[in-house]
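*Asks:* Dropping a structure here in structure tokens format, bear with me for questions.
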Amino acid sequence: MKKLAWLALVPLVAMAGIRDDYAQQWPLALSRDDGGAYRVVLNRDVYRQLRSATLEDLDVVNADGIPLASSLFGPEQPLAQAANAVEVPWFPLPRGNDGQPSNISSISEIASDGSLRRVEMANATAPGDGDEYLIDISRLREPVSALRFEWKAEQPSFEHAYQVAASDDLKTWRTVQTNGRLIQLENVQLERAGQRISDNRIELDSVQAKYLRVLPVGNDRRGLQLTRVLAELPERVAAPEWQWEELPAQRVQEAGVEYYEFEVQGRFPFQVADVSLPGNSANEWMLKSRDDPKAEWQFAAAPWLTYQVEGAGAANRSAPQTLDGTSRHRYWRLFSKQPLQGQLPTLKLGYRPEVVVFLAQGQPPYALLAGSARARRAEAPLPQLVEALRRERGNDWQPSPAYLGQAQALAGEAALKPAPPKRDWKNWLLWALLVGGALLVAGFAFSLLRNKPAVK
């Protein structure tokens, strides 16, 4: 039985060793623990580590090193879009014995990422006597534009005024909203029509902080029967801002033709190009690219005009040129129609970061792995799985944010070297049998010759 138990662990050990096939990993910080599915935006460091032209050497694993169901999406795809709101932890804070807002004296449990688990009050009455709320937004990296509250269906009618304060240490607070209101009103006429007046949002001015505190204003200090609190994030941007890779030029002269060559480190999804020169300039360019030093050059952008004019306190420059499709090529060649008189151009290639969506499976912490000459990510039917989650959680549901931590080295450069070619053990075995047989025959023959009787 013990032998069988060890054999059962062999596949898990093999899966756990997947980190040995990658150069680096980035720990993932989750915006919430129970998101189910998460989205993480790739950054420049991840792209620079990748080697596969199709980004197959990019994977997400759990604490045991087991790959998770994950897929890569372009920033324009619906599944890659950021969620409008994220559910955040909240804590009811009872009023102090003196009727004034309570003072938070200590945190009994706090996670390594700064998120709260339990809050203890110094001058608090019974826990059920809460009328103010502490909201933990420490895991979010985006500013919060509003708070959305949800309460039980049997919540009595109310109209309460609140102010909101923000803090990064639970000691020093700054007021970020002085006139927030939460309303649920019903009357006989509205009840007959099956309607009610309700407002469950408190708007904020893009607050960036770790904690928010919602305090009642006025004499009406009845608590709400809250069920959850959501932090609304800034509105989705249809087209994220361009990220740029600036490449220094190497001048090349060949057969009387002068051009400039550039090399990219990584696998960026380039879609636009621009060229800059020192000072004022106007020039016409042509751009080619290829992915292998021995491959033929391909046209990346038709001839286009760039200009840059600075003076009188203003600057004008041409718009970037759209490439002929998304390109992850590593080698680029730029031609200038006019001589540059010793100046070297800077090639700027622009891209919009892609998004990896993954399902939370197994134990956290999760990590993003990148950079391998032999490992390949297994594609998963994420759109179908997410649609199933939407049927349960609502059509507006989106994967929760996850954020890249500091890069950590794994196998390093060793993971970027191709695996040695596999030896055909069948051929080796056949040759071994043939050689062994030949040696055996030779041994028999030699033995016969030694034992052959002498001729009389």
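*Asks:* For Leu58, which sequence-distant residues (separation of 5 or more, or a different chain) have an amide H within less than 5 Å of its own amide H, given hydrogens modelled in the peptide plane?
*Replies:* For Leu58, the qualifying residues are Arg377.
*Asks:* Determine the sum of side-chain charges near Gln308: Lys and Arg each +1, Asp and Glu each -1, restricted to other residues whose C-beta is under 11 angstrom from that of Gln308.
*Replies:* Local charge sum for Gln308: -1.
*Asks:* Right, here's the next one. Go ahead and run the numbers for FRET between Leu344 and Arg317, Cβ-Cβ distance against an R0 of 25 Å, rounding to 0.05.
*Replies:* 0.85
*Asks:* I would also like to ask the following. Fully extended, how many nm does the chain gain between Phe299 and Ala153 (0.36 nm per residue separation, minus their Cα-Cα distance)?
*Replies:* Stretched fully, the Phe299-Ala153 segment lengthens by 46.3 nm.
*Asks:* Let me ask something else about it. May I have the convex hull volume per residue, in Å³, for the Cα set of segment 243-351?
*Replies:* 103 Å³
*Asks:* Starting from the Cα of Thr326, move 7 Å in the Cα-to-Cβ direction to define the label point; list residues of segment 240-276 whose amide nitrogen is under 19 Å from there.
*Replies:* Of the residues in segment 240-276, 240-245, 264-274 have backbone N under 19 Å from the label point off Thr326.
*Asks:* Further question: If I model a spin label at Asp292 and Asp205 as a point 7 Å from the Cα along the Cα→Cβ vector, what separation in nanometres do I get?
*Replies:* In this crude label model, Asp292 to Asp205 measures out at 5.9 nm.
*Asks:* A further question on this structure: As an exercise, use a Förster radius of 41 Å and the Cβ-Cβ distance of Asp34 and Glu263 to find the FRET efficiency, rounded to the nearest 0.05.
*Replies:* The value I calculate is 0.40.
*Asks:* For a label point 7 angstrom out from the Cα of Asn280 toward its Cβ, which stretches of segment 292-333 have the backbone nitrogen within less than 19 Å?
*Replies:* Answer for this model: 305-319.
*Asks:* Ranking Val264, Val144 by Cβ neighbours within 10 Å, fewest first, what do you get?
*Replies:* Exposure proxy ranking, most exposed first: Val264, Val144.
*Asks:* So for the pair Asn43, Arg393, with labels modelled 7 Å out along Cα→Cβ, what separation do we get in nm?
*Replies:* 2.4 nm
*Asks:* Want the number for Leu385 to Ala255: 0.36 nm per residue separation, take away the alpha-carbon distance, what's left?
*Replies:* Residue separation times 0.36 nm, minus the Cα-Cα distance, leaves 41.1 nm.
*Asks:* Taking loop as defined by DSSP and a crowding limit of 14 other beta carbons within 10 Å, which trypsin sites (Lys or Arg not before Pro) in segment 290-384 fit?
*Replies:* Here the sparse-neighbourhood loop sites are Lys294, Lys337, Arg374, Arg376.
*Asks:* Assuming R0 = 60 Å, can you tell me the calculated FRET efficiency for the pair Gln243 and Ser198, based on Cβ-Cβ distance, to the nearest 0.05?
*Replies:* Efficiency, rounded to the nearest 0.05: 0.90.
*Asks:* What shape does segment 237-295 take by its C-alpha gyration tensor, where a ≥ b ≥ c are the square roots of the eigenvalues and a/c under 1.5 counts as rounded, a/b above b/c as prolate, and the rest as oblate?
*Replies:* oblate
*Asks:* Considering only DSSP states other than H, G, I, E and B, which GluC sites (Glu not before Pro) in segment 247-312 qualify as loop sites with at most 14 other Cβ atoms within 10 Å?
*Replies:* Answer by residue number: Glu296.
*Asks:* Further, regarding this structure: About the Cα centre of segment 243-351, what is the dipole size in debye to 20, counting +1 per Lys and Arg Cβ and -1 per Asp and Glu Cβ, all else neutral?
*Replies:* I would put it at about 100 debye.
Each reported figure results from applying straightforward, stated rules to the coordinates on display, with no laboratory input. Treat the numbers as computed from the prediction; the structure is a model and nothing was measured. Every residue, glycine as well, gets a Cβ built from its backbone with ideal geometry; the counts of neighbours run over all protein chains shown.
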